[in-house]
Amino acid sequence: MANSLYDFGMIGLGVMGRNLLLNMADHGFSVIGFDKDATKTGALESAATPGTTVKGVADLATMVQLLERPRKLMMLVPAGQPVDDVIASLLPLLEPGDVVIDGGNSHYTDTLRRVKYLREKNIHFMGIGVSGGEKGARTGPSIMPGGDQDAYAKVKPMLEAIAAKVNDTPCVAYLGKEGAGHYVKMVHNGIEYAIMQLISEAYTLLQKGAGLNNDQLHEVFDSWNKGSLQSFLVEITADIFNQKDDKTAGRLVDMISDKAGSKGTGKWTSQDAMELPVAVPTIDMAVAMRTISAYKDQRVAAEEIYGDPAAIHVTAEMWIKQVHDALYFATILSYAQGLAMLHEASRELQMDIPLPEVVKVWRGGCIIRSSLLEVFTQAYQQNTDLANILLDKGVAYLVKSVEANTRSVVAQAATAGFPVAGFMSALSYFDAFRTGRMATNLIQAQRDYFGAHTYQRIDMPGTFHTEWNQ
């Protein structure tokens, strides 16, 4: 009977769940999927590559019974209560030693709770981040597993088979204890927020600042993707400017509302960074700008009161070069903030996140894949415990090479009145980070003055308080 059992099961046959299963089947694994919606189970089977072993069922108990022991199954359902509901439905059907994976965008604190709860029942539980969207799931995503190492050993061959490959190396690795997989994915999404915000600001500066049309914008971003800014997000941005609108004679990008949506992972990154604490101002600003984008009526009213931005007085060719360099600078700073957050979380939350492995996993398949990750890989080869990539000499050389143009862009954008909060926050973070003595000694004096919060001196050890107003 063993030959008739399936290697892997999936709960939730939406686009991501279906495509991950089909990817596994294409690599020789027999797979079975469960969904209450019979149309989705049928879609799974009809989409299977001829000769592969794929089955869809609408009964959870049937799927569990048809899995090879120890069972290995993944949930791809909405984060929050739905995950707990599925676990509650699964528990009566499972046996000690079975492996349950949450492949959705769960908050890591929920993952920690579930790991402990299921450990008491001798069930292995793992949180795994999956990035790459619909296409990545089908052809090779970036996979970020964390939690139970014994469980990872059981699913490692499957995950390595389906992951994206860079230089024949799978973009998957064990990324730490307990909730580390979902934590790394959360920070990945925070960096994604930041870079998307920066690209949108570059778009504003090129379109409104230099008057570039969509054809010219396509050419600029396409050329940028062939150089040091090579990345998935720059690549798709070039494609977007070329997309015709089937309802008008123009381009689709011009007909899309400027109210941006979000699913909360960027907000989680900001919130959890403050809890550590660690500074991620460019990610914070990206979240804030999406929030401001929702104030459409207020923004339109304010535009009538305050007017439009002024013109940028620079040649288009020079401006394109300067904006390129500012985007490169701020993108490095976005990664720096996210990776610094992972470094701090690894220690504070005792998750043992291996940053060299994180940047390798992000090199392919994921939304923030970029040629810069090769640079960061080299940085971590020099120092595996690098607290901030800005401290690497190779990275520092790249940052300094584009610093002047970044300052020029931020200054001219601020003078003209263009909203470039992402660029500004990246530059301010950089300036604060490279300042040996900041002005926060004054803040410490103020805190002690009004609240007796004490301070430390630079010339002797100890904690001090002064009666300031005598």
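Values quoted throughout were computed directly from the atomic coordinates according to the rules given, and no laboratory measurement underlies them. All of these numbers come straight from a predicted model, not from anything done at the bench. Here Cβ is always computed from backbone atoms with ideal geometry, including for glycine, and neighbour counts include all displayed protein chains.
Could you list the square roots of 5 times each eigenvalue of the Cα gyration tensor of segment 404-470, that is, the equivalent ellipsoid semi-axes, sorted largest first and rounded to whole Å?
Working from the Cα gyration tensor, I get semi-axes of 37, 15, 8 Å.
Annotation: amide H-H contacts under 5 Å for Phe125 (H modelled 1.01 Å from N, sequence separation of 5 or more, or interchain): Val100, Asp148. The angle separating the long axis of helix 232-242 from the principal Cα axis of greatest extent in the chain is about 80 degrees.
Charge dipole (Cα centre; +1 on Lys/Arg Cβ, -1 on Asp/Glu Cβ; no other charges) of the chain amounts to roughly 360 debye.
Taking the fewest neighbouring Cβ atoms within 10 Å as the starting point, the ordered list for Glu219, Glu201 is Glu219, Glu201. Relative to the longest principal axis of the Cα atoms of the chain, the long axis of helix 281-293 makes an angle of roughly 90 degrees.
What's the ranking of 319-327, 120-128 by average number of surrounding C-beta atoms within 10 Å, highest first?
On the way: 319-327: 22.7, 120-128: 21.0.
The densest-packed peptide leads the list: 319-327, 120-128.
Between the helical axis of 440-451 and the longest alpha-carbon principal axis of the chain there is an angle of about 90 degrees. The chymotrypsin sites (Phe, Trp or Tyr not before Pro) of segment 131-232 include none that meets both criteria, a DSSP state outside H, G, I, E and B (loop) and at most 14 other C-beta atoms within 10 angstrom of the site's C-beta.
Straight-line cross-link reach from Lys154 at under 30 Å between alpha-carbon atoms covers these lysines, not counting any fewer than eight positions away in the same chain: Lys36, Lys40, Lys55, Lys72, Lys116, Lys121, Lys135, Lys165, Lys177, Lys185, Lys360.
Among beta bridges from DSSP that stay inside the chain, the antiparallel ones total about 35%. Suppose the Debye formula is applied to equal point scatterers at every Cα of segment 2-174; what is log10 I(q)/I(0) at q = 0.09, 0.15, 0.16, 0.20 Å⁻¹? Log10 of I(q)/I(0), two decimals: -0.26, -0.77, -0.89, -1.49.
A straight Cα-to-Cα reach below 18 Å connects Lys400 with the lysines Lys321, residues fewer than 8 places away in its own chain not being considered. Dipole of the chain computed with +1 at Lys/Arg Cβ and -1 at Asp/Glu Cβ about the Cα centre; of Thr384, Met16, Val220, farthest Cα towards the positive end is Thr384.
Just the ratio, please: alpha-carbon radius of gyration of segment 312-445 over 2.2 N^0.38 Å, N its number of residues.
On the way: Rg = 16.7 Å, N = 134, 2.2 N^0.38 = 14.1 Å.
Rounded to two decimals, the normalised Rg is 1.18.
Within 10 Å, count the other beta carbons around each residue, average over each peptide in 414-423, 292-301, 358-367, and list them highest first.
Values: 414-423: 19.4, 292-301: 11.9, 358-367: 25.3.
Taking the mean over residues of other Cβ atoms within 10 Å, the ranking is 358-367, 414-423, 292-301.
Can you tell me the convex hull volume per residue for the chain, based on C-alpha atoms, in Å³ to the nearest whole number?
Here the figure is 199 Å³ per residue.
Dipole magnitude for segment 143-239: about 240 debye, using +1 per Lys or Arg Cβ and -1 per Asp or Glu Cβ, origin at the Cα centre.
The convex hull of the Cα atoms of segment 87-129, projected and averaged over all directions, covers 2.8 nm².
For segment 187-433, what is the per residue volume of the convex hull drawn over the alpha-carbon atoms, in cubic angstrom? Could you put the intermediate results ahead of the total?
Numbers: hull volume 33.3 nm³, N = 247.
Per residue, the Cα convex hull of segment 187-433 comes to 135 Å³.
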